[in-house]
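To start, the structure itself, in structure tokens.
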Amino acid sequence: MKLIAYNVRDDEIPFLTKWGLEHGVDVDYDTETLTIDTLSKAEGFDGISGLQTIPYDADLFAAMKDMGIKFLALRNVGLDNVDLNAAKKNGISVTNVPAYSPASIAEFAVTLALNVNRKVGYMYQQLHDKGEFHFSADFMGRLMRNLTVGVVGTGRIGREAISMFAGLGAKVIAYDKFPMSDSELPFNYVDSMDELVEQADVVDLHMPGLPENDHLFNDDTFKRMKNSAVLINTARGSIVDTKALINALKTGEIAGAGIDTLENETAELQDSRSTAKVTDEDVLELSKLPNVILTPHSAFHTDEAVANMIGLSLGNLEKMVNGEAVDNLAK
Ligand code: NAD
Ligand code: COI
């Protein structure tokens, strides 16, 4: 069996090599993103492992079919960028890894919330832009234990975030379209998103980037939020209207944001060897704001997550190539 992984970073290589040796499987890798232009590298392989936020589109699946490749195993959670209808039409089975380490993403959301609330961006800006290293009245922060955190989406990652914020003493409220019927976690559901955004000091997003969630956070939502509130988005960029967010941050509609996922992510974002300078206007604009912590879709990136992303994704490919059933087949 021969498998190939695309978009591989240097930190993944030891895990890929170890998995291949342990399973007696020939695993090759490439640092490039999987597109119709790079697909030829998979010629002669039985299955592909992918990790990207740019689309896996209909043309790609048609080309995979022409090459006789039937299996694509994502190393990540989100399926929002996969044309699953096209995959099905071309006879390609797609799997994801729904839970490689939900705590990794949740802990990063907490990290962003703490950094924004404790004004770390203001301290960095003063030091790096002005070369000054002293106290400022702008640096006064707020204690998490005095705040209400509103978690949107109480799935795998949202539940971890609830535990962590509650552990810091915050009062946690949550909203989910499909609430859990029973949970021992320390939080209360509210009945609507409006209620959540009006009450929360920290709004923390953990829902999927489905079309119906597009721009759920827009001018109107930011007006409903407290002026002192902060938004944390480690979920998907499409959920937030970026222009409206920038406006809300600049006009004081909201007080700050921790943003790991942005609209219009490019292949370059996940190219760990890229040396290209930022040209995206939204990224440039957000990076100038001291009340924003902006990170390149890195909430997942821990040793625990990387080991599981590779082990579970390649395990799915191995099973599919051998004709065995897999748990994580996307439909
Ligand atoms: P999950 O499927 O376990 O949970 C998602 C929850 O959101 C579900 O309970 C669902 O009912 C709820 N939901 C859907 N639409 C909603 C809405 N409009 N309002 C309220 N609730 C809604 O998903 P998960 O594993 O917890 O992942 C959450 C998000 O995190 C996804 O967008 C995923 O792609 C993203 N993610 C980001 C990173 C990263 O590195 N930044 C890593 C992994 C996952
Ligand atoms: C996911 O697992 O869905 C992520 O957002 C992580 C990213 C590396 C694609």
(request) Run Thr221 past the list (1) among the hydroxyl-bearing types (Ser, Thr, Tyr); (2) open to solvent by 30 Å² or more (accessible area, probe 1.4 Å); (3) not in a loop (DSSP other than H, G, I, E, B) and report the number of the one that doesn't hold. (result) (2)
(request) Identify, from the list Val306, Val240, the residue that is within 16 Å of ligand 1 (Cβ to nearest atom) and either surrounded by 22 or more Cβ atoms within 10 Å (Cβ to Cβ) or within 24 Å of Asp129 (Cα to Cα) (or both). (result) Val240
(request) Could you tell me which residue of the range 250-271 is farthest from Lys119 (Cα to Cα), considering only residues that are of a type outside the set (D, E, K, R) and open to solvent by less than 10 Å² (accessible area, probe 1.4 Å)? (result) Thr261
(message) So if I check each of Leu216, Leu196, which one is surrounded by fewer than 20 Cβ atoms within 10 Å (Cβ to Cβ) and within 15 Å of ligand 1 (Cβ to nearest atom)?
(response) Leu216
(request) Identify, from the list Leu284, Leu317, the residue that is out of contact with any helix residue (DSSP H, G or I) (no Cβ under 9 Å at 6 or more places or on another chain), more than 12 Å from ligand 1 (Cβ to nearest atom) and within 21 Å of Tyr56 (Cβ to Cβ). (result) Leu317
(request) Select from the range 272-301 the residues that are touching a residue at least 12 places away in the same chain (Cβ under 8 Å) and farther than 29 Å from Phe139 by Cα and list them in ascending order. (result) Ser272, Arg273
(request) For Leu210, indicate whether it is within 16 Å of ligand 2 (Cβ to nearest atom), closer than 21 Å to Asn291 by Cα, out of contact with any Pro (no Cβ under 7 Å at 6 or more places or on another chain) and modelled with pLDDT of 95 or more. (result) no
(message) The conditions are (1) at pLDDT 95 or above; (2) open to solvent by 10 Å² or more (accessible area, probe 1.4 Å); (3) of a type in the set (A, V, I, L, M, F, W, C); (4) part of a helix (DSSP H, G or I), and Leu317 fails exactly one of them. Which is it?
(response) (2)
(message) Please verify whether Ala73 is within 14 Å of ligand 1 (Cβ to nearest atom) and either part of a helix (DSSP H, G or I) or touching a residue at least 24 places away in the same chain (Cβ under 8 Å) (or both), treating the condition exactly as stated.
(response) no
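For every residue, the table says whether it meets (1) under 20 Å from the mean Cα position of the chain (by Cα); (2) within 18 Å of Arg273 (Cα to Cα); (3) not in a loop (DSSP other than H, G, I, E, B).
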site	(1), (2), (3)
Asn7	yes, yes, no
Glu12	yes, yes, yes
Trp19	no, no, yes
Leu34	yes, yes, no
Gly44	no, no, no
Gln52	yes, yes, no
Asp59	no, no, yes
Lys88	no, no, yes
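The values are calculated or read from the model by the stated rules, or taken from the named source; none is laboratory data. Keep in mind the model is a prediction, meaning the values are calculated, not measured. Cβ coordinates were reconstructed from backbone atoms using ideal geometry, including for glycine residues, and neighbour counts include every protein chain displayed. The protein model used for the area step is the full one, side chains on, heavy atoms only, and it has no ligands, DNA or RNA in it. Shrake-Rupley method; radii C 1.70, N 1.55, O 1.52, S 1.80 Å.
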